[in-house]
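**Student:** A single structure is presented below for examination.
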There are 2 protein chains.
Amino acid sequence: MDRVKNVAVIGAGVIGGGWIARLVLNGINVEVYDHSESAQTNVDKSISNAKRAYEQLFSAELPDIGSLSFCSSVEEACRIAEVVIEAIPESLESKQSLFSEIESNTHKDTIITSSTSGILPSDLQLKMKRPGRLIVAHPFNPVYLLPLVELVAGKKTDKLVVDRSTEFFKSIGMFPLTVNKEIPAFIADRLLESVWREALWLVNDNVATTQQIDDAIRFGFGLRWAQMGLFETYRLAGGEAGMRHFISQFGPCLEWPWTHLVDVPEFTEELVNKIASQSDEQSSMYSFDELVRKRDDNLVDFISSLKDNNWGAGTTLKEHEKRLTEKAKSVLFEDRDFTKAIQTYSNTVPQKWVDYNGHMNESRYLECFSWATDNFMQIIGADSEYIKSGSSFFTVETHIRHLDEVHVRECVNVTTQLISVSGKKMQIFHRLFHEDGRLLATGEHMLLHVNLTTRSTSEPSKVITYRAESILDLHRMLPHPEGLGRSIGNKY
Amino acid sequence: MDRVKNVAVIGAGVIGGGWIARLVLNGINVEVYDHSESAQTNVDKSISNAKRAYEQLFSAELPDIGSLSFCSSVEEACRIAEVVIEAIPESLESKQSLFSEIESNTHKDTIITSSTSGILPSDLQLKMKRPGRLIVAHPFNPVYLLPLVELVAGKKTDKLVVDRSTEFFKSIGMFPLTVNKEIPAFIADRLLESVWREALWLVNDNVATTQQIDDAIRFGFGLRWAQMGLFETYRLAGGEAGMRHFISQFGPCLEWPWTHLVDVPEFTEELVNKIASQSDEQSSMYSFDELVRKRDDNLVDFISSLKDNNWGAGTTLKEHEKRLTEKAKSVLFEDRDFTKAIQTYSNTVPQKWVDYNGHMNESRYLECFSWATDNFMQIIGADSEYIKSGSSFFTVETHIRHLDEVHVRECVNVTTQLISVSGKKMQIFHRLFHEDGRLLATGEHMLLHVNLTTRSTSEPSKVITYRAESILDLHRMLPHPEGLGRSIGNKY
C-alpha cells in the first residue's frame, strides 16, 4: 500500500477526535464529518492535547502536520479518502446505513473501518455492496497515545484489506492486533466488561467505593498490566515452576463462588447516582482537562520508560520513530546549509525536568546539549551504523554557562557551532535558546574519537574528517562565541 | 504503635519471599519459618531482586538492612515478633491450625496477618482464642514493589488492630486499602478472577492466544490502569459530560450477551497444555530471572514517573521517602565531620542512564552532581523550608571533566568540597567516584543566592553564611583540587 495521504473520519466525539489527532500529527490530511455543534471544539482540544503529549513523547521529528477540514456531508468528507474511519455511536442500524452512504461516495479500493467496540463486522457488512473492504479497527481512548487497535475481519472482508489496514495503522504508530475469530466485543472489551460488571456489583453492594476499586487496580495489578498483561504476569506468580504450576495452584479457586456470575446489576436511578457521586468525590478536585493532562503525562512517561527498556508499547514507539527518522534522513549532507550554526535540537520542557526551584534543572541543560551533540554526530556521519562498526566520539570536557531560566511546557532549541577539528579532537559550542529568542545557556564541549573495543582514542573515518572540515571551513567565518574558553571564577 | 522491629514470616514462597525482601530492606529484622528445601534460595533471590530495584527506585537513603534468620519451627520464628505474617498455600484448615500454633507462641498483643487472597478473615478466626488480633493483609506480587495491601477485618478483629496494621504497612512503604465489607476474594482478586475466567474462555475457544490477550491488555487499557483504574478512566471516556453520560452510553451494552457468564471452563489436560505451551511460545525466550528483572525495571520506572507526576503509586513512594528522610535528618550540623570532602550522593546507574555508547550518558554526570549539590544545600540549611521562605541557590556555571566511564548497575558516589564563599556567591567542587575507587569525573560549579520572587541575586540568611563559612574554614585546609579553574582547550 502506498503511504496513505487522505483519510475521512465520520463522527468526532472522544474516539473520533482521538483518531483525528493521531492522523494529522502523523502528517495525514483529514476530512471530518460530524453534525454536532461541539465537534470542532472537541477536535481542537484533542489535537492540542495530542500535540502536548507528542512533544514530550517523541525524540524523532514528526512530519509536517496534516491538513484538517470539516465537511458538511459524509459525501464531501469521503471524496478523496483512501481510508474512511467510522466513529459514530454504537447502533447497528445507523452504522449500516452510514456504510451504504460511504460506499456510494468512495473509490472502490477505499478501505472502510469501523471503531465499534463490540458489533460484529459481518453484521456491519450485511447491507454493503462491496463488503470486502470493511474491517473493524477498534482503538482505545486516548487514541492518539494508546497503540492498540484490534483488527477484526468479517466473513466477507478481503484478506488484502486486512494486510493493507495492518500496514496503515503501523504507519501511524499503532499496534494492530488481528483477532483470530469474529466474536462480539472482541478481546479487550470482553475483559473490560467482565471487570466492569464485577465492579458495579462491588459499588452496588457497598463493598467498595469507585475510589477504592480504582485504588485496588492502580496501586496493584494495574502496574503489572501496563507491561505484561495477565498470562505473563501469572507465569511469574507461579515461581520458577511457571504457568502449569500456577494453574494447579490457583485454577481450582475459579470454582469457588467468588464473583457475581449470572446477574447484571440493574441501572436504577439510585445506582447511577451512587456511582456518579462517588466518582465526583474521587475526581472532581481536578477539572476534566486537568485529568486528561494528568493521564496523558503518565502515559507519556510509561511509554517512554518502556521504550528505554525495549518492552511492549515502548517497542511500538521505537519502531515508529525509526520509520520517521528514516524518512527524515533524506536531507543529504550536501544539501545542508552550514553558513550558520546548525539547528540540532528542539523540545518542550516536560514536568519531570523541573526542580524545586520551579525551573528546568541544571542537568537538563546538559541533556539538551547531549541530544544536540548526538544529532550533530549523525550529520557528520558518526551515526548508529558508524557506532556499530566500532567507533564513536566521547565527551571529555564540558563547560556550561546557565544564563537564564526556562519553565515547564516552554519550547527550547539548540544551535551548534563547530570550533575546531584536529585529528581525534573536536570542539563544539552549543547555544540553548528559548522559543522567544532569549539565550538560555551555552555549552562548550571537547570530544575525543574512541575505538569502542579498546576504549582508547583513535582516528575518525575519512568521511567524518571530510565532513567536519567542510563544516569548519564555513563555521570559522562565524563570530567567535562569547564565553568560549572561559573558566569558572574569572568573573562575578 | 511504636516502630515495629521484629517480624515473623511463615511460608517463604513467591509471596512470603516478597514480604521478607520488603521488610529487611526497610530495616526490619525477620525470622522465617518454611520447611521446604528451596526456601532459602528463594528468599535470597527475592532480596537480591528487591535490592536491585530499590537502588534504582529510591533517591532517599534506606535504613540499614534488617537481620534475617531461618528458624526450625513456627514457635522459634514467632518468639519475639511484634507482627506475624502468614504466607502459606490457600487452605482454610492449614491456616486455621497454623494460627492456633502462632497464638500459643506469641505475646498477646502481637498482630497476626494472613496473606490469603480470598478466604474470609472470620473463617480464619474461627478456632482462635484471641481472634481480635487477626487481620487479612493481602499483598500483590512482587510484594517488594507493588504498594497495594488489602486490609480486611473479620467479625472479631479489634478496631485497634486495623489502625496498628495500617500504620505498620505504611511504615514499610505500602498503600493499605481497608475493605469496607468482608467478602470472599476482597476487591482486587474479584476483578482479576472475572478477567481470568473470561481470558480462559478466549484461549479455550481459540479466539485468542495467551500472547494476544496479554497484548490486548498491555498495549491498551493496561497502560490506563497503571495510573487511574476503571472508574476514573471511564469518567474521561464519557467526555466532559462525565460518568453519568458514560453510563447512559455504555451501561446498556452490559445486557448484551458478550461474556461467558455462567460457565467455568474445565481445566482439562488439553486446556492446561494449550495455555502452558502458548505461554512458553510467548515468554520462553526469557528465563524466569530475566523476566522478573524486566518486570521490576518497568515497575521501577512507572513508579518513578508517577512520583515525578505526583500521582497514585508515586505519591506512596514520595511519602515513604519523606518519612525515611526525616529519620535520616537526625544528623545535626554540629555532629558532622567537615575535615574531609562531604559524602553527598550515592546511587546505582540505572539502565535509562546508559546511552548508545554503552556507558552512563554525559548528562547523567551532571545529574549526579546536581543531586549532590541539593544535598550539600540541605546540609548548609538551604533546604525545602528555606526555599519555601523565598530564597534559593541557582547554578550559574558548570565545568565537568569526564575522566572515566561507568556502566549500568555499577555504584557511584559523590564527595563535595567547598572552594569559596563570598556574599551571594558560592563555589563548590564535586568528585564522582566509582565504587571501586576510580575518579570518574569532577564538577566545578558557581552558584548564586537568589530571591525567588524577584529572581535576582540576594544575600543568604545568617545561618547559611555561618554554616558555609564553618565548612570553608576546614575545607580550606584540604588539598587544592586538580583541574580547578580549568577552561576547555588548554590541554589535549
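**Student:** I'd like the orientation of helix A:39-57 relative to chain A: the angle between its Cα long axis and the longest Cα principal axis, in ° from 0 to 90, rounded to 10.
**Tutor:** For A:39-57 against chain A, the angle is about 50 degrees.
**Student:** Working from Cα positions, state the angle (0 to 90°, nearest 10) between the long axis of helix B:313-328 and the longest principal axis of chain B.
**Tutor:** 50
**Student:** Using the Cα atoms as the points, what is the convex hull volume per residue of the stretch A:58-144 in Å³? All intermediate terms of the calculation are to be shown ahead of the outcome.
**Tutor:** On the way: hull volume 10.8 nm³, N = 87.
Given the Cα convex hull of the stretch A:58-144, per-residue volume reads 124 Å³.
**Student:** Where the eigenvalues come from the Cα gyration tensor of the stretch B:79-202, what are the semi-axes √(5λ) of the equivalent ellipsoid, largest first, in whole Å? Before the final figure, lay out the partial values.
**Tutor:** On the way: eigenvalues 119, 56, 34 Å².
Working through the eigenvalues yields semi-axes of 24, 17, 13 Å.
**Student:** How far is helix B:288-308 tilted off the main Cα axis of chain B, in degrees rounded to 10, range 0 to 90?
**Tutor:** It is inclined by approximately 60 degrees.
**Student:** Right, next: What is the Rg over Rh value, at two decimals, for chain A, using alpha-carbon atoms and the Kirkwood definition of Rh? Display every interim value, and only then the final one.
**Tutor:** Values: Rg = 27.1 Å, Rh = 26.3 Å.
That ratio equals 1.03.
**Student:** If you average over every viewing direction, what projected area does the convex hull of the Cα atoms of the stretch B:331-475 give, in nm²?
**Tutor:** 9.1
**Student:** While we're here: Non-local amide H neighbours of residue A:354 (under 5 Å, H modeled in plane, Pro and chain starts lacking H): which ones?
**Tutor:** A:361
**Student:** Beta carbons within 10 angstrom, averaged per residue: use that to sort the peptides B:243-249, B:448-454, highest first.
**Tutor:** Ranking, from highest mean packing down: B:243-249, B:448-454.
**Student:** Please count, across the stretch B:16-150, the pairs of lysine residues with Cα atoms under 24 Å apart that sit 8 or more places apart or on different chains. Kindly include the intermediate steps, with their values, before the conclusion.
**Tutor:** Working: B:95/B:108; B:95/B:127; B:95/B:129; B:108/B:127; B:108/B:129.
Within the stretch B:16-150, the lysine pair count is 5.
**Student:** Can you pull the percent of Cα pairs in the stretch B:405-492 with separation above 20 Å? Each step should come with its number before you reach the end.
**Tutor:** On the way: 1898 of 3828 pairs.
Taking all Cα-Cα pairs of the stretch B:405-492, the fraction more than 20 Å apart is 50 percent.
**Student:** Over chain A, what is the percentage of antiparallel beta bridges among all DSSP beta bridges, to the nearest 5?
**Tutor:** Working: 44 of 67 bridges.
Once the DSSP bridges in chain A are tallied, antiparallel ones form about 65 percent.
**Student:** Also, I was wondering about something else. Just need log10 I(q)/I(0) for the stretch B:132-232 at q = 0.12 Å⁻¹, Debye formula, equal scatterers on the alpha-carbon atoms, no solvent, rounded to two decimals.
**Tutor:** -0.53
**Student:** Compute the semi-axes of the equivalent ellipsoid of the stretch A:6-183, taking the square root of 5 times each eigenvalue of the Cα gyration tensor, and list them largest first in whole Å. Numbers along the way, then the final one.
**Tutor:** Numbers: eigenvalues 117, 67, 41 Å².
Semi-axes (√(5λ), whole Å): 24, 18, 14.
**Student:** Also: Using the Cα atoms of the protein assembly as shown, I'd like the radius of gyration and the largest Cα-Cα distance, Dmax, both in angstrom.
**Tutor:** 30.2, 91
**Student:** Hey, another quick one. Give the order of B:144, A:54 when sorted by the count of other beta carbons within 10 angstrom, beginning with the fewest. It would help to have the intermediate numbers written out before the result.
**Tutor:** On the way: B:144 28, A:54 20.
If I rank by nearby Cβ atoms, fewest first, I get A:54, B:144.
**Student:** Further question: Averaged over its residues, how many other protein chain Cβ atoms are within 10 Å of peptide A:353-363's Cβ atoms?
**Tutor:** 5
**Student:** Can you spot the aspartates and glutamates whose alpha carbon is less than 13 Å from residue B:294's alpha carbon? Ignore those fewer than 8 places along the same chain.
**Tutor:** A:232, A:308
**Student:** Write down Rg/Rh for the stretch A:4-93, rounded to two decimals, with Rg from the C-alpha atoms and Rh from the Kirkwood relation over Cα pairs. Present the calculation step by step, with values, prior to reporting the outcome.
**Tutor:** Working: Rg = 12.9 Å, Rh = 13.2 Å.
The Rg/Rh ratio comes out at 0.98.
Bear in mind that the values in this text are calculations on the coordinates, not laboratory data. Please read these numbers as outputs of a predicted model, since none were measured by experiment. Neighbour counts run over all protein chains shown; Cβ positions are idealised from the backbone, glycine included.
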